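The values are calculated or read from the model by the stated rules, or taken from the named source; none is laboratory data. Being a predicted model, the structure only gives us computed values, none of them experimental. All Cβ positions, glycine included, derive from the backbone under ideal geometry; neighbour counts span all protein chains shown.
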Amino acid sequence: MRYINLLDQFRSFYFRNYPDDMEIQIEYFAVFGGLGWEVDTTLAMDSLIEELILKNFDAIDRKMEEFTLSRPDNKRLLIALATGDRRIFSAFNKAGLNNGNGGAALNFLQQKGVIQIEYSREALPDKSKYKLKREESRHRISDKVLFTQPFVRFWFYFIAPYIKDIKQNNYTNLLKNFHEQQNNYTSLVFEELSEILLNYNLRDAHILTSGSYWDAKVEIDILTVTKNDKVYVSECKWKNHKVTKNELHKLVEKCERLDIVPTQLILFSKRGFSKELLSMQGKELALYSCEDFKALLKSSSKNELLEDFTLS
């Protein structure tokens with residue numbers, strides 16, 4: 001699979017389809033991003049899934065078989081990574097794999113360009129200084145995985161678990177699961193795009209490290225550190241309601257637990273923010289809603305359309 005970064009895929013999707021707004025752009029990109037197909041974003045998602053994906057199931061399935069070499073270990077791991085917490089060791093357990101066959105599948109999929117590794121930034125505890133608590137001693141630092149194309153993740157999240165039903169033209173359970181999980185599913189793509197937007201706005205700073213942060217006690221969607229020791233801590237909420245001050249309090253608590261003094265706290269929201277939060281934004285708090293993602297399209301054009309995924 002030819003590697004094309006997520007920003008270029010995002011731009012290509014926009015200039016191919018011209019969605020009405022950025023919420024629609026993000027929502028439909030999370031499903032069809034990377035396909036390189038024309039998608040009528042004025043149509044309901046159910047209709048598009050049936051028309052573009054399920055009616056083309058055999059052709060797309062053959063392509064996915066190529067990606068996985070039809071190996072059960074590879075397919076089980078991709079389903080586990082798509083539907084789980086993205087941590088490698090928990091995906092091995094969920095897929096019924098061990099470090100040997102799971103590691104082999106992971107390496108193959110990474111070399112194939114289907115996934116990429118997001119490395120943990122958690123520091124190893126210094127066992128010489130104090131005795132670890134039982135839960136700390138059992139904790140195992142694990143890297144996570146990101147899919148290189150949204151559509152491939154969509155396939156293994158929603159389509160691959162229902163292949164038997166699909167072959168019988170029964171889409172009921174698949175679509176029910178999609179309706180129940182769509183926001184949760186889209187939230188990861190929103191998080192990835194939010195990091196891209198944040199780093200775009202920090203482009204004049206020298207970024208040392210950026211990405212999600214997780215350890216045994218806390219997870220943060222985006223933690224970005226620059227050369228001049230500025231720290232930006234972000235949370236992303238793809239929910240059908242406005243974000244309130246309560247989410248800000250949660251983010252402050254996470255910083256305190258990690259002993260972080262942030263230069264700026266940042267919240268990204270699908271549906272905007274409460275009036276109270278809006279009144280608080282400034283040097284120490286930045287708020288981004290969907291329409292702010294238009295900034296990612298400024299340096300692109302329709303001449304840069306990509307053919308990311310083909311069935312030939």
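Among the criteria (1) more than 17 Å from residue 76 (Cβ to Cβ); (2) surrounded by fewer than 21 Cβ atoms within 10 Å (Cβ to Cβ), the one residue 161 does not fulfil is (1). Of the set (1) within 28 Å of residue 111 (Cα to Cα); (2) in contact (Cβ under 8 Å) with a residue 60 or more places away in the chain, all apply to residue 66 but (2).
For the range 104-119, state whether one or more residues are surrounded by 17 or more Cβ atoms within 10 Å (Cβ to Cβ), over 23 Å from residue 258 (Cα atoms), at pLDDT 95 or above and more than 19 Å from the chain's Cα centre (by Cα). Yes - at least one qualifying residue is present in the range 104-119.
Is it fair to say residue 234 is in the same structural domain as residue 204 (by TED's automatic domain parsing), hydroxyl-bearing (Ser, Thr, Tyr), crowded, with 18+ Cβ neighbours inside 10 Å and in contact (Cβ under 8 Å) with a residue 40 or more places away in the chain?
Numbers: in the same structural domain as residue 204 (by TED's automatic domain parsing): yes; hydroxyl-bearing (Ser, Thr, Tyr): yes; crowded, with 18+ Cβ neighbours inside 10 Å: yes; in contact (Cβ under 8 Å) with a residue 40 or more places away in the chain: yes.
Here the answer is yes, as residue 234 does meet what is asked.
Given the conditions (1) closer than 20 Å to residue 186 by Cβ; (2) buried (at least 19 other Cβ atoms within 10 Å of the Cβ), report the number of the one that residue 76 does not fulfil. The one condition residue 76 does not meet is (1). Of all residues in the range 182-213, those that are touching a residue at least 12 places away in the same chain (Cβ under 8 Å), over 18 Å from residue 33 (Cα atoms) and of a type outside the set (A, V, I, L, M) total 9.
In the set 50, 27, 38, only one residue is more than 15 Å from residue 151 (Cβ to Cβ) and in the same structural domain as residue 112 (by TED's automatic domain parsing); that residue is 50.
If you check 145, 233, 189 for being in a strand (DSSP E or B) and either at pLDDT below 95 or closer than 15 Å to residue 86 by Cα (or both), only one passes: 145. Taken together, the criteria exclude residue 217 from residues that are basic (Lys, Arg) and modelled with pLDDT of 95 or more.
Within the range 38-58, residues that are surrounded by 14 or more Cβ atoms within 10 Å (Cβ to Cβ) reach partners that are among the hydroxyl-bearing types (Ser, Thr, Tyr) with beta carbons closer than 7 Å, at six or more positions or on different chains, in the pairs 39/28; 41/28; 50/171; 54/171.
When the residues of the range 1-37 are filtered to those that are over 21 Å from the mean Cα position of the chain (by Cα) and touching a residue at least 40 places away in the same chain (Cβ under 8 Å), which remaining residue is nearest to residue 199 (Cα to Cα)? Spell out the reasoning first.
We begin by selecting, within the range 1-37, every residue over 21 Å from the mean Cα position of the chain (by Cα); these are 15-18, 20.
Next, from what is left, pick out any that are touching a residue at least 40 places away in the same chain (Cβ under 8 Å): 15-16.
Values: 15: 22, 16: 25 Å.
This residue is 15.
A single member of 166, 159 is part of a helix (DSSP H, G or I) and closer than 20 Å to residue 27 by Cα, and it is 159. Of all residues in the range 176-222, those satisfying the criterion of being among the acidic types (Asp, Glu) and surrounded by 15 or more Cβ atoms within 10 Å (Cβ to Cβ) are 191, 192, 195, 215, 221.
Of everything listed in (1) assigned to a strand (DSSP E or B); (2) in contact with a helix residue (DSSP H, G or I) (Cβ under 7 Å, 6 or more places away or on another chain), the single unmet condition for residue 248 is (1).
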